[in-house]
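Let me begin by presenting the structure, written as structure tokens, before commenting on it.
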Amino acid sequence: IRHGARSHELKIKSQIPDGYFGEGVLPGYLTDKGRIQHQNIGLSRRNEYIKGKKFLSEIFDQHEILSMSTFK
């Protein structure tokens, strides 16, 4: 899955006005909207794979999951 919306990554820090991406949001990080999108993606996948297809257990089992990520 992909993450939600992220802030722009500007090369020169002085180009970023204070509070531009929201309170405490750094360049390249999830915005408030992105956090909500990310949570909605997770809830959607839960409904699909746990409640719908019963592909995964309702209770977390570390042997059922492999999680991989890129740096950004």
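The values are calculated or read from the model by the stated rules, or taken from the named source; none is laboratory data. Remember, it's a predicted structure, so these values are computed and weren't measured experimentally. The protein model used for the area step is the full one, side chains on, heavy atoms only, and it has no ligands, DNA or RNA in it. Shrake-Rupley method; radii C 1.70, N 1.55, O 1.52, S 1.80 Å.
Do you know which of the residues in segment 27-64 that are open to solvent by 80 Å² or more (accessible area, probe 1.4 Å) and in a loop (DSSP other than H, G, I, E, B) is nearest to Ser7 (Cα to Cα)?
Ranking the qualifying residues of segment 27-64, first place goes to Tyr29.
Among the candidates Ser67, Ser14, which residue alone is open to solvent by 100 Å² or more (accessible area, probe 1.4 Å), at pLDDT below 85 and assigned to a helix (DSSP H, G or I)?
Ser14
Of the conditions (1) open to solvent by 60 Å² or more (accessible area, probe 1.4 Å); (2) outside any helix (DSSP H, G or I); (3) modelled with pLDDT of 65 or more; (4) within 30 Å of Leu56 (Cα to Cα), Arg2 fails just one. Which one is it?
Here Arg2 meets the rest and fails (3).
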